[in-house]
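These notes concern the structure reproduced below.
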Amino acid sequence: MNFEVAKVNYYDQLHAQNLVSLMDYYAQDPMGGGKALKEDVKKNLAKQLSKLSHAFSVMAFADGKAIGLINCFEAFSTFACKPLINIHDVIVLKEYRGQGVAQMMLQKVEDVARDKGCCKITLEVLSGNEKAKSSYKKFGFRDYELDPKMGTALFWEKQL
């Protein structure tokens, strides 16, 4: 099987369709909340991402078929005074998991981050998603801490 990873062109109709299809696949999985994307999200996602200069996505293909996606957003580290990349979504179609697809996409994200002069890449993962945690650890991610006495960082949210 021939794998390829490329940055997503949000203006390309096929890339946009694949992005939405993969996001909807992820949204319907228990790790993505278990609910399909709303129609207005499907209709507008690529368009809205294209408006964000700090957003980029990478997509994996197997023999031309879109099989994986990572959505990223550039932020800023005040401690390092440099940009950073936050990975927001990581998706690999079930039948392609365990074949190194996530590792190839993560490498592409790292390449982009290095080109942008970023100091680090961050991501969030559900504590029960052992396969994803294993993949991220394999790539070099670890818990974030400043002082072991204070513990590791937690990711919280407040819905609006």
Residues of the range 6-41 classified as assigned to a loop (DSSP other than H, G, I, E, B), touching a His at 6+ places or on another chain (Cβ under 9 Å) and open to solvent by less than 60 Å² (accessible area, probe 1.4 Å), total = 1
ask   = Looking at (1) open to solvent by 70 Å² or more (accessible area, probe 1.4 Å); (2) closer than 28 Å to G34 by Cα; (3) without any contact (Cβ under 8 Å) to a residue 24 or more places away in the chain, which is the one condition that is false for L146?
value = (2)
task = From (1) open to solvent by 70 Å² or more (accessible area, probe 1.4 Å); (2) modelled with pLDDT of 95 or more; (3) part of a loop (DSSP other than H, G, I, E, B), pick out the condition that doesn't hold for R114.
result = (3)
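This table checks each residue for (1) over 12 Å from the mean Cα position of the chain (by Cα); (2) in a helix (DSSP H, G or I); (3) modelled with pLDDT under 95; (4) aliphatic (A, V, I, L, M).
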residue: K43; (1), (2), (3), (4): yes, yes, no, no
residue: L52; (1), (2), (3), (4): yes, no, no, yes
residue: F56; (1), (2), (3), (4): no, no, no, no
residue: A60; (1), (2), (3), (4): no, no, no, yes
residue: E95; (1), (2), (3), (4): yes, yes, no, no
residue: L126; (1), (2), (3), (4): yes, no, yes, yes
residue: A132; (1), (2), (3), (4): no, yes, yes, yes
residue: E145; (1), (2), (3), (4): yes, no, yes, no
ask   = Assuming K108 fulfils every condition listed in (1) part of a loop (DSSP other than H, G, I, E, B); (2) farther than 22 Å from Q28 by Cα apart from one, which condition is it?
value = (1)
inquiry  = Against the conditions (1) closer than 30 Å to L146 by Cβ; (2) open to solvent by less than 30 Å² (accessible area, probe 1.4 Å); (3) free of Cβ contacts under 8 Å to residues at least 40 places away in the same chain, where does V58 fall short? Just the number, please.
reply    = (3)
task = Please name all residue pairs, on different chains or six or more residues apart, with Cβ atoms under 7 Å, provided the first residue is in the range 17-45 and is within 15 Å of N129 (Cα to Cα) and in contact (Cβ under 8 Å) with a residue 24 or more places away in the chain and the second residue is exposed (fewer than 15 other Cβ atoms within 10 Å of the Cβ) and polar (S, T, N, Q).
result = M31/N129
ask   = Taking the range 62-83 only, how many residues are touching a residue at least 12 places away in the same chain (Cβ under 8 Å), assigned to a strand (DSSP E or B) and open to solvent by 20 Å² or more (accessible area, probe 1.4 Å)?
value = 5
inquiry  = Condition check: at pLDDT below 95 and within 29 Å of K138 (Cβ to Cβ). Does G32 satisfy that?
reply    = yes
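For the range 143-160, enumerate the residues that are within 17 Å of L126 (Cβ to Cβ) and among the acidic types (D, E).
Result: D143, E157.
The values are calculated or read from the model by the stated rules, or taken from the named source; none is laboratory data. In this text the structure is predicted, and so the values were computed from the model without any measurement. Here the Cβ is made from the backbone with ideal geometry for all residues, glycine too, and neighbour counts use every protein chain on show. Accessible surface is based on the protein model in full, side chains and every heavy atom, while ligands, DNA and RNA are left aside. Shrake-Rupley method; radii C 1.70, N 1.55, O 1.52, S 1.80 Å.
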